[in-house]
């Protein structure tokens with residue numbers, strides 16, 4: 001995935017996240033909207049913590065963690081070989097960045113993250129589009145590293161990232 005496509009994908013992901021959050025702010029503050037009665041609903045929540053409500057009111061920690069995540073992912077992405085073979089990893093990284101930036105914007109602008117998807121049936125923590133991007137991509141990354149890429153693929157990637165000069169863009 002070229003840099004320009006990656007940047008456009010990140011911008012579109014962040015825009016979708018911010019748009020859905022603005023809809024949640026406009027339409028859900030008066031109460032939840034059931035989608036499937038007793039199973040799934042849209043419910044407004046101002047989350048001042050992380051996943052599952054942990055680390056409440058630790059905005060500085062979240063900001064620093066977000067910046068570190070962005071720097072590490074960008075470093076790996078830039079140094080990764082441009083082979084089509086690594087495209088699934090690139091897609092996961094782009095999704096992780098889109099999710100991190102989407103929630104970071106909320107934390108900076110609002111001092112909390114707007115969440116609104118709620119699986120009532122299992123009382124799953126309320127989440128948002130940015131959370132979906134980051135979580136699905138992280139699980140995808142884990143699955144790819146455990147089951148798709150072989151040890152020698154990961155070794156070659158690690159050597160390229162750590163020791164190889166940046167390749168020219170496709």
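Results, tabulated for the structure shown:
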| quantity | calculated |
| --- | --- |
| Residue among 5, 64 that alone is outside any strand (DSSP E or B) and closer than 20 Å to residue 138 by Cβ | 64 |
| Residue within region 8-28 that is at pLDDT 95 or above, buried (at least 16 other Cβ atoms within 10 Å of the Cβ) and not in a helix (DSSP H, G or I) present | yes |
| Tally, over region 114-164, of residues that are in contact (Cβ under 8 Å) with a residue 12 or more places away in the chain and closer than 27 Å to residue 38 by Cα | 20 |
| Number of positions in region 88-104 that are surrounded by fewer than 18 Cβ atoms within 10 Å (Cβ to Cβ) and at pLDDT below 95 | 0 |
| Complete set of residues in region 74-87 that are surrounded by fewer than 16 Cβ atoms within 10 Å (Cβ to Cβ) and over 19 Å from residue 136 (Cα atoms) | 75, 78, 81, 82, 83, 84, 85 |
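The values are calculated or read from the model by the stated rules, or taken from the named source; none is laboratory data. Owing to the predicted nature of the structure, the values given are computational and were not obtained by experimental measurement. Heads up, the Cβs are rebuilt from the backbone with ideal geometry, glycines too, and the neighbour counts pull from every protein chain shown.
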